[in-house]
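Asker: Sharing a structure here in structure tokens format.
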Amino acid sequence: MIGEVSVEERALGEDRTRAVVVGPYLSRGPAALSRDPQARLAEAVGLAQAIDLDIVGELPVALNEVRPATYLGKGKVEEIAETVKAQEAGLVSMDCQLSPVQQRNLEKAWGAKVIDRTGLILEIFGQRARTKEGALQVELAHLAYQKSRLVRSWTHLERQRGGFGFLGGPGETQIETDRRLIEERMRRIEQDLDKVKRTRGLHRKTRREVPYPVVALVGYTNAGKSTLFNRLTKAEVLAQDMLFATLDPTLRQIRLPHGARVLLSDTVGFISDLPTMLVSAFRATLEEVTLADVILHVRDVSHEDSEAQARDVETILEELGLKGEAEGRIVEVWNKIDGLEPERLEAMRLAARGFDPRRRPALVSALTGEGLDDLLARIETLLAESRVTLALEISPEDGQGLAWLHAHAEVLSRETKEDGGSRLTVRVAPERLDEVRRRYSSALRT
């Protein structure tokens, strides 16, 4: 993480670390930025502000090519050095992926700590993770990042020394020792994560025993997922105008218009160029998404880069194997319509009506609640498509059977017969159909 930038330093308000954010974006070639450079730079500033840095400079840099030694050209390196000195900045955040050599050379040239996009995101994740699993995943990702940079951190110690058993064998270099210690720690974390994953699997199996479908929220960071989650569940999950306000998955139960209960899951926000090590490290967390019955892709349609953000999310969903078979259960939620001008909002509504009804986006404002009733009805309709509706009768003395239905199926209606028994309409998951028919011989499809 950001070695010299201590927690105490960040907490002192006026003594926050002064930082310059540099956006070095290729202007041509296959690696050229596919989104608006100013919007990308604004996002980079938001990332830096998320760890409470005092931003004293924002510098966009158009690149024709990447220089192996310093990423930037010599002239730009010197120009930024003057800015860093004039602003008395102690840190420069480069919105790109730097090699260890590039990072070291820029630190020498600027006389300041340099952090790249991966290191910055890891720092944010390290501050925000609250659960044991989240903390382990962040540490694992950070160790993988740190391991690749040992050559930068330990060049002054690259000398041979004798081993002391647990410290390393004869002739082992300091770098080899530290790399081995990191690898051992990574193996222990992976073992701990396997245990957590098994526990999560047991919890998931327990939930499967109860017929509550899972609805997962996904989307670009700061798209408004947590605000939507809070509005629907009346919970108080941290929801701020801040990148990566939510890292740990949260589950709450909500009721749909006709009384059916579902589990709503809030997940970590996605971001462009998410470090590969974080995608793999958080795969267990994102399993909740892969197993969801309905996936709500929440978009901030008031953001100037909304389309590019949506493509980034779709790319990560594809990496998780959620394209093709899952498309029928993904609903785009166009959020923050309260931030649109009336003319643009009307254009959005017209655009939405042009979609096929099954793929039509839902226009909502999680902040004001507008459109949420329609969204819940849409979720209910989607879930109903995969479930079986049955009509059945229960004798008056079968109170246990009635309780079982309420616990393991959606009871859509109940009518009391003259003899005190009940006539019910229920909806069940396909995998429970045979069990219901065994218990209730009168059960018929409607």
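FYI, it's all coordinate maths here, none of it is from the lab. In this text the structure is predicted, and so the values were computed from the model without any measurement. Positions of Cβ are generated from backbone atoms using ideal geometry, with glycine treated the same way; all protein chains shown enter the neighbour counts.
Asker: Taking the Cβ of each residue in Lys195, Lys234, Lys225 as the centre, tally the other Cβ atoms inside 10 Å and list the residues starting with the fewest. Please list the in-between numbers first.
Answerer: Values: Lys195 12, Lys234 8, Lys225 30.
Final ranking by Cβ density, sparse to dense: Lys234, Lys195, Lys225.
Asker: Neighbour counts of other C-beta atoms within 10 Å: give me Glu139, Glu393 arranged from fewest to most.
Answerer: Glu393, Glu139
Asker: Please label the shape of the stretch 388-445 as rounded, prolate or oblate, based on the square roots a ≥ b ≥ c of the eigenvalues of the alpha-carbon gyration tensor (a/c under 1.5 means rounded; beyond that, a/b larger than b/c means prolate, else oblate).
Answerer: Values: a/c = 1.75, a/b = 1.61, b/c = 1.09.
It comes out prolate by the Cα gyration axes.
Asker: What GluC sites (Glu not before Pro) in the stretch 417-446 are in a loop by DSSP, with at most 11 other Cβ atoms within 10 Å of the Cβ?
Answerer: Qualifying residues, ordered by number: Glu418.
Asker: Next up: Quick one: length gained pulling Ala352 to Arg67 fully straight, 0.36 nm per residue minus the C-alpha distance?
Answerer: On the way: separation 285, 0.36 × 285 = 102.60 nm, distance 4.45 nm.
Length gained between Ala352 and Arg67: 98.1 nm.
Asker: Among Asp419, Asp192, rank each residue by its count of other Cβ atoms within 10 Å, from fewest to most, as a rough exposure measure.
Answerer: Details: Asp419 8, Asp192 15.
Fewest to most other Cβ atoms nearby, the residues stand as Asp419, Asp192.
Asker: Could you rank the peptides 254-261, 214-221, 38-45 by their average count of other C-beta atoms within 10 Å per residue, with the highest value first? Mind dumping the intermediate values first?
Answerer: Working: 254-261: 14.8, 214-221: 24.9, 38-45: 19.1.
Final packing ranking: 214-221, 38-45, 254-261.
Asker: Please work out how much length the chain gains when fully extended from Ala391 to Glu318, using 0.36 nm per residue of separation minus the C-alpha to C-alpha distance, in nm with one decimal.
Answerer: 22.3 nm
Asker: Which pairs in the list Lys147/Lys195; Lys74/Lys147; Lys76/Lys147; Lys85/Lys108; Lys197/Lys225 are over 20 Å apart, alpha-carbon to alpha-carbon?
Answerer: Over 20 Å apart, Cα to Cα: Lys147/Lys195; Lys74/Lys147; Lys76/Lys147; Lys197/Lys225.
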